């Protein structure tokens, strides 16, 4: 199992709408997340930023992320979410959410 932490900005004028969508995530989205071996997924908010945490239990992360990105319902969800988000612009590649380095963990 691998743990992931990711960070992205949220446009303040969209915060309440973003929260409302995530209070009622579409069942197809939740099913696809699970089918792509992502578990214990949480998103936290603080001062204009969203922090996501999840655990990946599969054996081929890239293939699972491609499977997720190919899903029409997931793409529809992302098209709604993307205008509300603001990438950090520090990652220098096509990464939307910036993946963070894990520096400490304890059970």
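Tabulated data
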item: Among (1) part of a loop (DSSP other than H, G, I, E, B); (2) out of contact with any strand residue (DSSP E or B) (no Cβ under 8 Å at 6 or more places or on another chain); (3) surrounded by 12 or more Cβ atoms within 10 Å (Cβ to Cβ) - the single one residue 88 does not satisfy; result: (2)
item: The lone exception for residue 42 - which of (1) surrounded by 13 or more Cβ atoms within 10 Å (Cβ to Cβ); (2) under 22 Å from residue 20 (Cβ atoms) it fails; result: (1)
item: Residues of the range 1-39 that turn out to be surrounded by 15 or more Cβ atoms within 10 Å (Cβ to Cβ) and under 13 Å from the mean Cα position of the chain (by Cα), as a count; result: 13
item: Any hit, the range 47-56, residues being over 26 Å from residue 14 (Cα atoms) and modelled with pLDDT of 95 or more; result: yes
item: The range 45-75: number of residues that are surrounded by 13 or more Cβ atoms within 10 Å (Cβ to Cβ) and out of contact with any strand residue (DSSP E or B) (no Cβ under 8 Å at 6 or more places or on another chain); result: 7
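The values are calculated or read from the model by the stated rules, or taken from the named source; none is laboratory data. Note that the coordinates shown come from a computational prediction; the quantities given were computed from them, not determined experimentally. For neighbour counting, all protein chains shown are included, and Cβ atoms are generated from backbone atoms with ideal geometry for every residue, glycine included.
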